[in-house]
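The values are calculated or read from the model by the stated rules, or taken from the named source; none is laboratory data. The structure displayed is predicted, hence computed values, not measured ones. Here the Cβ is made from the backbone with ideal geometry for all residues, glycine too, and neighbour counts use every protein chain on show.
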Amino acid sequence: MSDQLRSTLRTVVPGIWSALVAWLVSVGAPAAVTDALGAAFEPVIYPLVLAGVYAALRAVEPKLPAWLTRILLGSNEVPKYTTE
C-alpha cells in the first residue's frame, strides 16, 4: 500500500467512525441538550465528536492489536513522509 493511500485511509476511516459516533450521540442526546443548543446542535457536536474520537484513537493506538488498528484507523502502519 502506498503512503498516499495509507495517509488517506488513516484520515478518512477515523472520520467515518466519528460520524457514526456523532450520529449516535445526536440520536440519543437528551432533549435538554438538544433544546439548549437548538439549531447549533449539529454544527457544534460533529466537530467536537470528531476531535474527541480521533484523539482517543491516536492515544490508544499503540496499545491496540494490529487487527483492531486496521478497523479503527484504516491501516496498522503509520505513513512515512519523505521530502524529495
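List of remarks:
- Failed item in (1) exposed (fewer than 14 other Cβ atoms within 10 Å of the Cβ); (2) farther than 18 Å from Val78 by Cβ, with Val12 passing the rest: (2)
- Identity of the residue in region 15-50, under 17 Å from Thr69 (Cα atoms) and not aliphatic (A, V, I, L, M), that ends up surrounded by the fewest Cβ atoms within 10 Å (Cβ to Cβ): Gly15
- Test set (1) modelled with pLDDT of 80 or more; (2) touching a Ser or Thr at 6+ places or on another chain (Cβ under 6 Å) - Tyr46 fails condition number: (2)
- Selection count where residues are charged (D, E, K, R) and within 13 Å of the chain's Cα centre (by Cα), scope region 23-69: 2
- Residue selected from region 53-84 under the condition closer than 17 Å to Trp17 by Cβ and touching a residue at least 60 places away in the same chain (Cβ under 8 Å), by the criterion surrounded by the fewest Cβ atoms within 10 Å (Cβ to Cβ): Ser75
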